[in-house]
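Trainee: Sharing a structure, written as structure tokens. Questions coming.
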Amino acid sequence: MPRGSSRYGGTGMKVLSFADLTLPEPIGKAVRDLGFEEPTPIQSLAIPLMRDGRDVIGQAHTGTGKTAAYGIPLIERADPAGKQPQALVLCPTRELAIQVSEELRKLAKYRRGVIILPVYGGQPIERQLHALRAGVQVVIATPGRLLDHIDRRSISLAGVRTVVLDEADEMLDMGFRDDIEAILKKTPSDRQTVLFSATMSKEILDLAARFQHDPRTVQVMHDQLSVPKIEQSYFEVRESGKIDVLSKLLDLYDPQLTLIFANTKRRVDEIVSQLQARGYLAEGLHGDMNQSQRERVMGKFREGRIDILIATDVAARGIDVPAVDLVVNFDVPQDPEYYIHRIGRTGRAGKSGKSFTFVSGKEMWKLRDIQRFAKIRIALQSVPKEHEIYTRKAELLAQRVRDLIEEGKLDSETIRVQQIMGDEYTSLDVAAALLSLYAGSVSKSDK
């Protein structure tokens with residue numbers, strides 16, 4: 001490992017809390033609003049170095065929390081009194097520039113006067129010119145459009161104290177090296193330069209050697225991942241449709257115990273509320289709960305008094321329930337190792353198990369990273385149709401009926417069926433009507 005580098009390998013690094021990072025209250029409040037429970041490994045490694053003013057090379061993939069890793073120090077240092085850009089983030093694509101801008105704005109929610117502006121091609125330049133004249137502290141830009149503004153003299157980089165190259169390897173692959181070098185030469189020589197990349201190619205190291213001063217390297221590397229042998233599938237789902245799809249899957253597969261993972265505490269509470277409103281026996285588990293509350297919920301789950309538990313990754317540590325039938329990733333996890341830890345909660349002790357992952361929009365990139373790291377293929381599955389759910393419900397009900405008949409304790413029920421039959425209906429008519437009713441074809445929820 002190079003001198004001055006830090007490596008996270010999944011087990012050897014102390015897990016920090018945001019309290020350990022002593023975030024200023026406006027940023028700490030924004031982090032709490034977002035429901036984050038603890039820093040990701042790349043955040044734990046990079047934030048202290050950036051605060052110290054170090055140049056940093058960060059090796060981390062999409063979905064590891066790297067935006068907040070550089071975003072928190074940038075927002076913390078931004079001076080609302082200065083109207084010229086103080087921090088610059090370069091991104092390879094307009095999509096990433098928009099995404100980074102959205103995340104940084106959430107982190108800067110309570111930092112009054114800190115303005116964050118995305119600058120990219122495909123948007124009318126007049127809108128960007130108007131915002132720049134009003135004053136901006138943090139600019140997130142694609143190289144081409146930024147050079148356009150520099151040529152127009154609508155952006156001055158003379159006051160930039162920190163430059164971040166996000167997805168540096170992708171920018172180089174796209175042929176932006178000359179643009180990047182031209183932009184860096186327009187910034188002060190004593191700036192802080194931070195470079196994030198998924199790979200450490202020779203080109204990346206050459207760029208670092210030319211434009212960084214004694215950089216510290218931080219790497220989030222993953223140990224060999226052991227993938228449980230369970231059935232793994234994913235569903236492409238709109239964010240607004242996740243609860244509906246979850247309900248359909250629960251009805252179709254009828255698992256005895258289901259563990260659902262969400263990325264934030266707020267999300268856990270939302271899922272619990274929505275499932276309870278639909279009549280499911282569900283409760284949540286997250287870091288805001290005290291030990292007695294956690295033990296009460298876990299006791300109910302182990303005993304089957306609730307059959308659905310929704311949890312964050314942090315809260316799920318130490319959960320040991322061998323009979324979980326289904327794991328659902330309501331959100332794609334932030335880290336590939338989290339995915340393995342999550343799905344490993346099912347299929348234990350030789351039993352079969354299933355895991356489903358909901359993928360929405362940009363989360364597809366995270367799923368691809370997971371498959372590449374773990375050397376697995378997660379199959380795309382279509383959302384079940386209403387007739388499939390009805391058929392499955394009927395099959396499950398038929399099996400339960402057979403089991404009850406075998407037990408032979410139906411004397412009182414037999415009398416009720418005879419009363420329904422009267423002189424008009426056969427026992428087959430009554431059985432078919434009951435099957436249709438309880439399989440859901442005439443229930444209000446399916447109309």
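The values are calculated or read from the model by the stated rules, or taken from the named source; none is laboratory data. Note that the coordinates shown come from a computational prediction; the quantities given were computed from them, not determined experimentally. Please note: Cβ atoms are built from the backbone with ideal geometry, for glycine as well, and neighbour counts cover all protein chains shown.
Trainee: Within region 173-216, how many residues are out of contact with any strand residue (DSSP E or B) (no Cβ under 9 Å at 6 or more places or on another chain), within 19 Å of residue 86 (Cβ to Cβ) and part of a helix (DSSP H, G or I)?
Mentor: Qualifying residue count, region 173-216: 1.
Trainee: Here's another thing I want to ask about it. Based on what the data block shows, is residue 119 of a type outside the set (D, E, K, R) and either crowded, with 24+ Cβ neighbours inside 10 Å or more than 24 Å from residue 182 (Cα to Cα) (or both)?
Mentor: Taking the combined requirement at face value, the residue satisfies it.
Trainee: Now, a different point. Cβ-Cβ under 7 Å, sequence separation 6+ or interchain: first residue in region 19-37 and more than 11 Å from residue 107 (Cβ to Cβ) and touching a residue at least 24 places away in the same chain (Cβ under 8 Å), partner in a loop (DSSP other than H, G, I, E, B) and not aliphatic (A, V, I, L, M). Which pairs?
Mentor: 21/39; 35/264; 37/287; 37/312
Trainee: Being modelled with pLDDT of 80 or more, surrounded by 13 or more Cβ atoms within 10 Å (Cβ to Cβ) and of a type in the set (S, T, N, Q) is the requirement here; does residue 426 meet it? Before the answer, list the steps.
Mentor: Numbers: modelled with pLDDT of 80 or more: yes; surrounded by 13 or more Cβ atoms within 10 Å (Cβ to Cβ): no; of a type in the set (S, T, N, Q): yes.
Here the answer is no, as residue 426 does not meet what is asked.
Trainee: Just checking, does region 84-96 include any residue being assigned by TED's automatic domain parsing to the domain that holds residue 162, basic (Lys, Arg) and assigned to a loop (DSSP other than H, G, I, E, B)?
Mentor: No: region 84-96 contains no residue that is assigned by TED's automatic domain parsing to the domain that holds residue 162, basic (Lys, Arg) and assigned to a loop (DSSP other than H, G, I, E, B).
Trainee: Identify the residue in region 258-282 that is touching a strand residue (DSSP E or B) at 6+ places or on another chain (Cβ under 6 Å) and of a type in the set (Ser, Thr, Tyr) and, among all such residues, is surrounded by the most Cβ atoms within 10 Å (Cβ to Cβ).
Mentor: Restricting to residues being touching a strand residue (DSSP E or B) at 6+ places or on another chain (Cβ under 6 Å) and of a type in the set (Ser, Thr, Tyr), the top hit is 258.
Trainee: Hey, can you tell me all the residues within region 140-166 that are outside any helix (DSSP H, G or I), under 25 Å from residue 69 (Cα atoms) and either out of contact with any His (no Cβ under 9 Å at 6 or more places or on another chain) or among the aromatic types (Phe, Trp, Tyr) (or both)?
Mentor: 140, 142, 157, 158, 159, 160, 161, 162, 163, 164, 165, 166, listed by residue number.
Trainee: Does residue 146 meet the test of being within 24 Å of residue 115 (Cβ to Cβ), at pLDDT 90 or above and among the hydrophobic types (A, V, I, L, M, F, W, C)?
Mentor: Details: within 24 Å of residue 115 (Cβ to Cβ): yes; at pLDDT 90 or above: yes; among the hydrophobic types (A, V, I, L, M, F, W, C): yes.
When the stated conditions are applied, residue 146 passes them.
Trainee: OK, next. Does region 57-71 contain any residue that is free of Cβ contacts under 8 Å to residues at least 40 places away in the same chain, out of contact with any Cys (no Cβ under 8 Å at 6 or more places or on another chain), farther than 25 Å from residue 331 by Cα and β-branched (Val, Ile, Thr)?
Mentor: No: zero hits.
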